[in-house]
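First the structure, in the form of structure tokens, and then the observations on it.
Values quoted throughout were computed directly from the atomic coordinates according to the rules given, and no laboratory measurement underlies them. These numbers come from a predicted model, not from an experiment. Using ideal geometry, Cβ is built from the backbone for each residue, glycine included, and neighbour counts are taken over all protein chains shown.
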Amino acid sequence: QRIYIEEAKRRQEQYSSFCHDIRNHLLVLSGLIGEKHYEKAREYALSLHAGCQSLSAAVSTGNEVLDVLLEEKLAYARHNQIEAACSVKLPDTWFVEDMDLCVIFANLMDNAVLACQKSGVRNPFLSISAKCRSRFLVVEALNSSPAQESITMGTGLRNVKSIAEKYQGTVEIQAGEVFRISVLLCMEERDGA
């Protein structure tokens, strides 16, 4: 957890530094264009774009540890030419231990990336989401790998199932044109925990 929090702080410092200097970058670009150095301006713009890409994967779930984990997993998926979407927002008043969240999300993301890599489908994609429904948190992962008839639970999925049970929840896997796994957690309010 300490490592993830330190990484989140480092990324925030990088983002703040980039924002601080953006005005100067725009001045340089404007000057290059004004002097008709179009190729140099294009190279400078591409360099800025690359810098933005490394910062743009910022995830804000409401949990610093999970933010860093998801940023890393999403960046890894995109690096492997997998379109990746994330829509995770955790409630403020409910509590799941950071370690448990990381086990769930890391295993779902790792399995989705691996399935996309092995499937050979064109334009692979994955998505991860979490939303509240009544007193439950529903975490759902989808990927473009056609689901197999039978799914063998490896160590990672068994760990996810164990954590779901710890929070009086369950894990559901749906076969179809895409692979879908849902993890349901019964959320306890912090005051009552």
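Given H placed 1.01 Å from N in the peptide plane, which residues other than close sequence neighbours of PHE136 have an amide H under 5 Å from its amide H?
Answer set, sorted by chain and number: MET187.
D for the range 59-130, whole µm²/s, Stokes-Einstein with Kirkwood Rh over alpha-carbon pairs at 4 °C and 1.567 mPa s: what number? Walk me through the numbers on the way to the answer.
Values: Rh = 12.6 Å.
After rounding, the answer is 103 µm²/s.
Over the Cα atoms of the range 36-178, what Rg and Dmax result, in angstrom?
So, for the range 36-178, Rg and Dmax equal 17.8, 65 Å respectively.
Treat the range 92-148 as a sphere of radius equal to its Kirkwood radius over Cα pairs and apply Stokes-Einstein at 37 °C in a medium of 0.692 mPa s; give the translational diffusion coefficient in µm²/s, rounded to a whole number. Walk me through the numbers before you get to the answer.
On the way: Rh = 12.7 Å.
So the translational diffusion coefficient is about 258 µm²/s.
Given R₀ = 30 Å, FRET efficiency for THR170-GLU13 by Cβ-Cβ distance, to 0.05?
Approximately 0.15, to the nearest 0.05.
If the reach is capped at under 23 angstrom between alpha carbons, list the lysines near LYS161, excluding any in the same chain fewer than eight residues apart.
LYS73, LYS89, LYS131
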